[in-house]
Amino acid sequence: MLDALKEEPLTTGALCARFPEVDRTTVLQHLRVLESAELVSGRRIGRERHLSLSPLPIKRIHDRWIGEYARAAVDLLDRLGD
């Protein structure tokens, strides 16, 4: 779902259509989890609900988890250069 929303904002119906093997209720349950984690945000426009990716929390996760590995790799390359 995050990959689909990374490409472009989608309505709830369009997101459900991207996952035909999963029933609508399951997709909506997953969306609730993603929204409560603040990874996805939604807003109503008329009868439709438009969903979009929230990049800032994802960047914070990246910085906290991947950043350490990236720093270690840069340090290693720096030591190899010496």
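The values are calculated or read from the model by the stated rules, or taken from the named source; none is laboratory data. Keep in mind the model is a prediction, meaning the values are calculated, not measured. For neighbour counting, all protein chains shown are included, and Cβ atoms are generated from backbone atoms with ideal geometry for every residue, glycine included.
The test for being without any contact (Cβ under 8 Å) to a residue 60 or more places away in the chain and loosely packed, with under 12 Cβ neighbours inside 10 Å holds for GLU21. Can you tell me which residue is farthest from LEU2 (Cα to Cα) among those in region 28-59 that are free of Cβ contacts under 8 Å to residues at least 40 places away in the same chain and small (Gly, Ala, Ser)? Looking at residues that are free of Cβ contacts under 8 Å to residues at least 40 places away in the same chain and small (Gly, Ala, Ser), I get GLY46.
Kindly establish whether GLU68 is out of contact with any Leu (no Cβ under 9 Å at 6 or more places or on another chain) and within 16 Å of GLY13 (Cα to Cα). Spell out how you get there, then give the answer.
On the way: out of contact with any Leu (no Cβ under 9 Å at 6 or more places or on another chain): yes; within 16 Å of GLY13 (Cα to Cα): no.
When the stated conditions are applied, GLU68 does not pass them.
Checked against the criterion of being modelled with pLDDT under 95, surrounded by 10 or more Cβ atoms within 10 Å (Cβ to Cβ) and small (Gly, Ala, Ser), the candidates ALA73, ALA14 yield just one match: ALA73.
I'm trying to understand the selection: among the residues of region 46-70, which are of a type in the set (Lys, Arg) and surrounded by 10 or more Cβ atoms within 10 Å (Cβ to Cβ)?
Filtering region 46-70 down to residues of a type in the set (Lys, Arg) leaves 47, 49, 59-60, 64.
Hits for region 46-70 are ARG49, LYS59, ARG60.
Being modelled with pLDDT under 95, touching a Pro at 6+ places or on another chain (Cβ under 6 Å) and within 25 Å of ARG60 (Cα to Cα): is that true of GLU8 here? In short, no.
Selection of region 12-59 for residues being in a loop (DSSP other than H, G, I, E, B) and over 30 Å from ALA70 (Cα atoms) yields ARG18, PHE19, PRO20, GLU21, VAL22, ASP23, GLY46, ARG47.
If you go through region 1-11 and keep only what is in a loop (DSSP other than H, G, I, E, B) and surrounded by 13 or more Cβ atoms within 10 Å (Cβ to Cβ), you end up with MET1, PRO9.
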